[in-house]
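Novice: Have a look at this one before I ask anything.
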Amino acid sequence: MSTNTGTEQQAGLKAAAVATFVVFGINGLVFASWAARIPAVTQTLQITSGQMGTLLLCTAVGSLLALPTAGLVVGRIGTANTVRFAGLLAAAAGVGIAMSLLATSIPGTAVSLFFFGIGIGLWDVAQNIEGADVEHKLRRTVMPQFHAAFSGGAFVGALVGAGLSTLGVDLPLHLLVIAAVVVLVALTVPRYFLPHVSTAPVDGEPKQAKGPSAWRDSRTLLIGVVVLGATLTEGAGNDWIAKASVDGLATSESTGALMFALFVLAMTAMRFLGGRVIDKYGRVAVLRASMAAAAAGLGLFVLASNIWLAGVGAALWGIGAALAFPMGMSAASDDPKHSAARVSVVSTLGYISFLAGPPLLGYLGDLTGIHTALLAIMAPILVALLLAGAARPLRVEPESAEGQ
């Protein structure tokens, strides 16, 4: 009887890991399907980089409003229902974006992007909480692989965007198909998630006390600052590398989308290999090397005189941006007792940078050109490199972990 129960639990855990992997991947595909065709949006709506930055800011505001409440939502309805709700909301917003583009309505696009941001924000936090639950149950590091699924989904999304752009398929039709895929996944895949209600009775009552303490923990905040700087490099690449290629290198829209695909492919490959690399060289050393690679790749991409050198720079940039966020999640969850609150703090700070930073680059791009404006990311990369030591593994004795 107990053997059967153990086998069933292992099967359920494996199914939850696969489901989490799929949800991360679809999230990446949705994001990249939008990001890879940002040049088409600017052309359809006839707007500047700064105005496009304002539209992207609508997405950021929606997500940043959703992030502080995501933990409460997950606590009340579980990770599975949160992903279902978030997916359906993001899909509905995608339909709204498509309809607004057909009507060339900037206000309609802005409102739709706001709700798209809410859906994506809730989805992101819920999938990371589910990923942390699965990782703890498996007793081995799998978070980089989950984030690799996100990057892999983004790579597929970027390729789809490039292909549809080359074929002349309108962006509204593209978005409608993606919305249908999201509805299908949101309604089916989360049923295999772990039952998150098991944590609600334990964390529900003391949650109000633990939340604020995580925001006052100096190590957690330093890790958050590192992640904040590092994720800006990823967010800027996701949102602007296609447009920067078109503007700065005079390439076609489809070539810009392929440059974006190269960026996310490099990130995906590094995330699949990341667990072994971190185990061999240590979290801090890998984080510092990652930031150095991101800086070198970014510089080469911006300063390259031809598309081939820029492609090498984009790949190196993607390699450097790959592991910072997963390592931040791992560092924040070193102490299992406080991992939920600390992961929430670090992920919130990371998403602030990931979502709000790229729109600000759009405004700078109106002054310098978006291609040159990307050099501004060098500053937060340097900050992340200098503070990387904060992510050093925290050793917690089992007895003291239980006693506190």
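The values are calculated or read from the model by the stated rules, or taken from the named source; none is laboratory data. Just so we're clear, the structure is a prediction, and the values are computed from it rather than from any experiment. Counting neighbours? That spans all protein chains shown, and the Cβs are built from the backbone with ideal geometry, glycine included. The accessibility values were calculated without ligands, DNA or RNA, using every heavy atom of the protein model including side chains. Shrake-Rupley method; radii C 1.70, N 1.55, O 1.52, S 1.80 Å.
So that you can scan it fast, the table gives a plain yes or no per residue for (1) open to solvent by 20 Å² or more (accessible area, probe 1.4 Å); (2) hydrophobic (A, V, I, L, M, F, W, C); (3) out of contact with any helix residue (DSSP H, G or I) (no Cβ under 9 Å at 6 or more places or on another chain):
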{"residue": "R37", "(1), (2), (3)": "no, no, no"}
{"residue": "C58", "(1), (2), (3)": "yes, yes, no"}
{"residue": "R84", "(1), (2), (3)": "yes, no, no"}
{"residue": "A91", "(1), (2), (3)": "no, yes, no"}
{"residue": "F115", "(1), (2), (3)": "yes, yes, no"}
{"residue": "D124", "(1), (2), (3)": "no, no, no"}
{"residue": "R139", "(1), (2), (3)": "yes, no, yes"}
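Novice: Considering only residues that are in a helix (DSSP H, G or I) and modelled with pLDDT under 90, look in the stretch 179-200 and name the one that is nearest to the chain's Cα centre (by Cα). Give the derivation first.
Specialist: Taking the stretch 179-200 as the starting set, the residues that turn out to be in a helix (DSSP H, G or I) are 179-192, 196-200.
Applying the additional criterion that residues be modelled with pLDDT under 90 yields 196-200.
On the way: H196: 22, V197: 25, S198: 26, T199: 25, A200: 25 Å.
Among them, the one singled out is H196.
Novice: Sticking with this structure for a sec: Quick test for you: out of A158, A148, pick the one residue that is among the small types (G, A, S), at pLDDT below 80 and assigned to a helix (DSSP H, G or I).
Specialist: A158
Table: residues versus (1) open to solvent by 10 Å² or more (accessible area, probe 1.4 Å); (2) closer than 28 Å to W123 by Cβ; (3) over 17 Å from the mean Cα position of the chain (by Cα).
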| position | (1), (2), (3) |
| --- | --- |
| T251 | yes, no, yes |
| F263 | no, yes, no |
| A269 | yes, yes, no |
| W317 | no, yes, no |
| S330 | yes, yes, no |
| S344 | yes, yes, no |
| T348 | yes, yes, no |
| Y351 | yes, yes, no |
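Novice: In the stretch 375-387, which residues are part of a helix (DSSP H, G or I) and either open to solvent by 60 Å² or more (accessible area, probe 1.4 Å) or over 14 Å from A321 (Cα atoms) (or both)?
Specialist: Those that are part of a helix (DSSP H, G or I) and either open to solvent by 60 Å² or more (accessible area, probe 1.4 Å) or over 14 Å from A321 (Cα atoms) (or both): L375, A376, M378, A379, L382, V383, L386.
Novice: Now for a different question. I need the helices (runs of 4 or more DSSP H) fully contained in the stretch 1-114, keeping only those with at least 2 residues that are modelled with pLDDT of 90 or more.
Specialist: 2-35, 49-102
Novice: Continuing with the same structure: So which residues in the stretch 282-317 are part of a helix (DSSP H, G or I), at pLDDT below 90 and under 19 Å from L385 (Cα atoms), if there are any at all?
Specialist: Passing the criteria: only R283.
Novice: May I pose another question? May I ask you to say which residue of D247, D239, D279, D217 is within 17 Å of P358 (Cα to Cα), surrounded by fewer than 24 Cβ atoms within 10 Å (Cβ to Cβ) and at pLDDT below 90?
Specialist: On the way: D239 fails: surrounded by fewer than 24 Cβ atoms within 10 Å (Cβ to Cβ); D279 fails: within 17 Å of P358 (Cα to Cα); D217 fails: within 17 Å of P358 (Cα to Cα).
That would be D247, the only listed residue that is within 17 Å of P358 (Cα to Cα), surrounded by fewer than 24 Cβ atoms within 10 Å (Cβ to Cβ) and at pLDDT below 90.
Novice: Same structure, new question: Filter the stretch 164-176 down to the residues that are in a helix (DSSP H, G or I) and more than 17 Å from L113 (Cα to Cα) and list them by number.
Specialist: L164, S165, T166, L167
Novice: Still on this structure: Would you check which residues across the stretch 93-113 are open to solvent by 10 Å² or more (accessible area, probe 1.4 Å), under 14 Å from V41 (Cα atoms) and among the aliphatic types (A, V, I, L, M) and list them?
Specialist: Selection gives M99, L102, A103, I106, A110.
Novice: For the condition open to solvent by less than 10 Å² (accessible area, probe 1.4 Å), under 18 Å from the mean Cα position of the chain (by Cα) and either under 25 Å from V156 (Cα atoms) or among the hydrophobic types (A, V, I, L, M, F, W, C) (or both), what is the one hit in A32, A16?
Specialist: Result of the check over A32, A16: A32.
Novice: Pairs needed: first member in the stretch 273-291, aromatic (F, W, Y); second member anywhere, modelled with pLDDT of 85 or more and surrounded by fewer than 17 Cβ atoms within 10 Å (Cβ to Cβ); C-beta distance under 6 Å; at least 6 residues apart or different chains.
Specialist: Between residues of the stretch 273-291 that are aromatic (F, W, Y) and residues that are modelled with pLDDT of 85 or more and surrounded by fewer than 17 Cβ atoms within 10 Å (Cβ to Cβ), there is no close pair.
Novice: Name the single residue that is nearest to A40 (Cα to Cα) among those in the stretch 166-182 being among the β-branched types (V, I, T) and open to solvent by less than 50 Å² (accessible area, probe 1.4 Å). Before you say what the answer is, go through the steps one by one.
Specialist: Narrowing the stretch 166-182 to residues among the β-branched types (V, I, T): 166, 169, 177-178, 181-182.
Okay, now just the ones that are also open to solvent by less than 50 Å² (accessible area, probe 1.4 Å), so 169, 178, 182.
Details: V169: 11, I178: 16, V182: 22 Å.
Within the stretch 166-182, the match that is nearest to A40 (Cα to Cα) is V169.
Novice: Follow-up question, since we're still on this one. With the structure loaded, tell me whether F116 is among the aromatic types (F, W, Y) and more than 30 Å from T368 (Cα to Cα) or whether it fails that test.
Specialist: Criteria not met by F116.
Novice: Please identify the pairs in which a residue from the stretch 227-242 that is free of Cβ contacts under 8 Å to residues at least 24 places away in the same chain and of a type in the set (D, E, K, R) has its Cβ atom under 9 Å from the Cβ atom of a residue that is open to solvent by 10 Å² or more (accessible area, probe 1.4 Å) and outside any helix (DSSP H, G or I), counting only partners at least 6 apart or on another chain.
Specialist: Hits for this filter: zero, empty list.
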